[in-house]
1. Those residues that are part of a strand (DSSP E or B) and open to solvent by less than 70 Å² (accessible area, probe 1.4 Å), I need them from region 147-163; list them, please.
2. Mind listing just one residue for me: the one in region 122-146 that is among the small types (Gly, Ala, Ser) and either open to solvent by 30 Å² or more (accessible area, probe 1.4 Å) or outside any strand (DSSP E or B) (or both) and, of those, nearest to residue 99 (Cα to Cα)?
3. Across region 82-121, what is the total count of residues that are part of a strand (DSSP E or B), farther than 16 Å from residue 150 by Cα and open to solvent by 40 Å² or more (accessible area, probe 1.4 Å)?
4. Which residues, counting only those in region 30-45, are touching a strand residue (DSSP E or B) at 6+ places or on another chain (Cβ under 6 Å) and either open to solvent by 50 Å² or more (accessible area, probe 1.4 Å) or free of Cβ contacts under 8 Å to residues at least 12 places away in the same chain (or both)?
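The values are calculated or read from the model by the stated rules, or taken from the named source; none is laboratory data. None of the values given here were measured: they were computed from a predicted structure. For neighbour counting, all protein chains shown are included, and Cβ atoms are generated from backbone atoms with ideal geometry for every residue, glycine included. Note: accessible area is taken over every heavy atom of the protein model, side chains too, but ligands, DNA and RNA are not part of it. Shrake-Rupley method; radii C 1.70, N 1.55, O 1.52, S 1.80 Å.
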Amino acid sequence: MDGLLGVMTALVMTAAPGDSWEGRTYVGVALPLAPDGFAVEAEQERDDGLSVTLGLRVGFNLGTLIPFFEDADPAYLRVGIEPGARFYLKGPVLDGLWVGPRLELVHAWVDTPRSQTVWQVGGSVLSGYSFRFREGFTVQAALGLGALYRPPLPGFSPWTVPVAPRAQLSLGWSL
């Protein structure tokens, strides 16, 4: 639990406003709408209709434990960073309809004949809506499409670039 608290503190400090900044900051936990991990995310208002985001994602392959969730990814653990931007099309930042790109950089632990680690890189485009309630409680929902390059692995295909949907629900606080 101390590690999660440390990550949350680091995200708040990274997204904390400077002396000349008067925008809002959001910090929350995002759950993908597929059972493969979670992310701690921060979003900071930069201008009218523009914000920047940073997510730290931890994912795991439930296919190793529950065959129903099996996929073609041999990685059993993934840790990644996801910087991005959001352009608010309707409503103010942190309380409206948005669309934006996101970079995905992942360090994966793969169970091949000998365990090894690999880097995966990709990106996605998401569209979503942010609901800001009284006292700053915020709910964000997003849908999109992404692609992730997976390098060659012994015993698997030489390389892959799977294109897959992205969906997540995020709960947190905006300050």
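1. 147, 148, 150, 160
2. Ranking the candidates gives 127 first.
3. 7
4. Those that are touching a strand residue (DSSP E or B) at 6+ places or on another chain (Cβ under 6 Å) and either open to solvent by 50 Å² or more (accessible area, probe 1.4 Å) or free of Cβ contacts under 8 Å to residues at least 12 places away in the same chain (or both): 31, 33, 36, 38.
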